[in-house]
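My structure is below; once you've seen it, I'll send some questions.
The values are calculated or read from the model by the stated rules, or taken from the named source; none is laboratory data. All figures in this text were calculated on a predicted structure; none of them were measured in a lab. Every residue, glycine among them, receives a Cβ derived from its backbone with ideal geometry; neighbour counts consider all protein chains shown. For accessibility, only protein heavy atoms count, side chains too; no ligands or nucleic acids. Shrake-Rupley method; radii C 1.70, N 1.55, O 1.52, S 1.80 Å.
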Amino acid sequence: IVPAMIDWADEDDDTTVLSYVEGENEGAEQGWYETRKPVRRCKNAPFDTVAETALLRGMTPLALDGRPGDREGKRPALLGLRPFLTVWGDGKVDINHAPAPVLQSLSEKLDAALARDIVAQRGERPFESVNELLAVPGMTRELFSAIRDYVTVSPNDRYYRVEAVGSVREVERRVVAVIRVDTAESAPTLIQRMEF
């Protein structure tokens with residue numbers, strides 16, 4: 001899905017191929033989307049919403065939203081990508097708040113054990129500097145160099161997704177909002193509001 005995300009957002013019409021990805025490693029540009037039913041266009045611009053990823057080559061409802069498990073335990077729950085995706089912010093991952101799977105996605109060399117160790121270390125004391133990652137057991141200078149430009153401990157803005165559900169008798173409404181908080185002193189700014 002990552003190559004398709006790159007092609008959806010980039011401005012060119014060159015299909016992305018990620019040679020280090022096993023399995024489906026090819027993106028999709030306009031030629032591919034024209035063969036779909038219904039025909040759609042490759043945006044060639046940044047995503048406006050996470051829901052837009054449902055249009056990508058290779059994205060399925062199961063991949064995006066997962067599924068609940070059954071009560072008998074015969075079908076395990078699967079977590080989808082949606083909770084780990086955002087279209088807001090500066091593109092850097094806040095190592096003091098990102099869940100382990102997001103940290104692990106920073107590099108194919110950052111395994112699940114190291115991601116858990118980063119989460120455990122920040123649980124004792126939040127990172128004050130990105131350089132403190134070097135003190136986490138298992139973090140090498142090579143890996144740190146590969147991820148340092150993609151992480152932060154002080155994001156420029158903080159974005160929050162707020163979801164509220166209300167129901168009266170058989171009628172249910174859901175409101176989802178994205179709010180940005182620039183500083184502790186400023187009032188939150190409503191960025192996006194959707195009602196279902």
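Choose one of Gln104, Leu85, Ala164: the residue whose Cα lies farthest towards the positive end of the charge dipole of the range 45-196 (beta-carbon charges +1 Lys, Arg; -1 Asp, Glu; about the Cα centre).
Ala164
Relative contact order (percent) for the chain, with alpha-carbon contacts under 8 angstrom and 6 or more residues of separation?
Relative contact order here is 12 percent.
Cross-link candidates for Lys43: which aspartates and glutamates have Cα within less than 15 Å, leaving aside residues fewer than 8 places away along the same chain?
Asp7, Asp10, Glu11, Asp12, Asp13, Asp14, Glu29, Glu34, Glu52
A further question on this structure: Share of antiparallel DSSP beta bridges in the chain, in percent to the nearest 5? Show your work: numbers first, answer last.
Details: 19 of 21 bridges.
Of those bridges, close to 90 percent are antiparallel.
Probe radius 1.4 Å, ligands and nucleic acids left out: which of Phe127, Phe47, Phe84 has the largest accessible area, and how do the rest follow?
I get Phe84, Phe47, Phe127, largest accessible area first.
Something else: Mark the label point 7 Å from the Cα of Thr189 along Cα→Cβ and return the residues of the range 147-178 whose backbone N is within less than 19 Å of it.
Counting backbone N atoms under 19 Å from the label point, the list is 154-162, 177-178.
What part of the accessible area of the chain, given as a whole %, is carbon or sulfur when the probe is 1.4 angstrom?
Whole-percent figure for carbon plus sulfur exposure: 52.
Provide the per residue accessible area, probe 1.4 Å, for the chain, rounded to a whole number of square angstrom. Working shown, then result.
Numbers: 13020 Å² over 196 residues.
On a per-residue basis, the chain sits at 66 Å².
Which order do Ile191, Ile95 take by accessible area at a 1.4 Å probe, largest first?
Ile191, Ile95
Per-residue accessible area for Leu55 at 1.4 Å probe radius, Å² rounded to 10?
Spelled out: Leu55, probe radius 1.4 Å, area about 70 Å².
If you don't mind, there's one more thing I want to ask. Could you compute Rg(Cα) / (2.2 N^0.38 Å) for the chain, with N its residue count?
Compactness ratio reported: 1.18.
Can you compute the helix-only [θ] at 222 nm over the chain? Use -39500 (n - 2.57) per DSSP H run of at least 4 residues, normalise by all residues, nearest 500 deg cm²/dmol.
The helix contribution divided over the chain gives -5500 deg cm²/dmol.
Still on this model: Post the alpha-carbon centroid distance, the range 133-149 to the range 150-196, in whole angstrom.
The distance from the Cα centre of the range 133-149 to that of the range 150-196 comes to 32 Å.
What ranking of Val136, Val93 comes out by heavy-atom accessible area, probe 1.4 Å, highest first? Mind dumping the intermediate values first?
Details: Val136 0, Val93 30 Å².
Greatest to least solvent exposure: Val93, Val136.
Of Asp48, Asp12, Asp70, which is the most mobile in a GNM of the chain whose springs link Cα atoms less than 10 angstrom apart?
So, out of Asp48, Asp12, Asp70, the one fluctuating most is Asp70.
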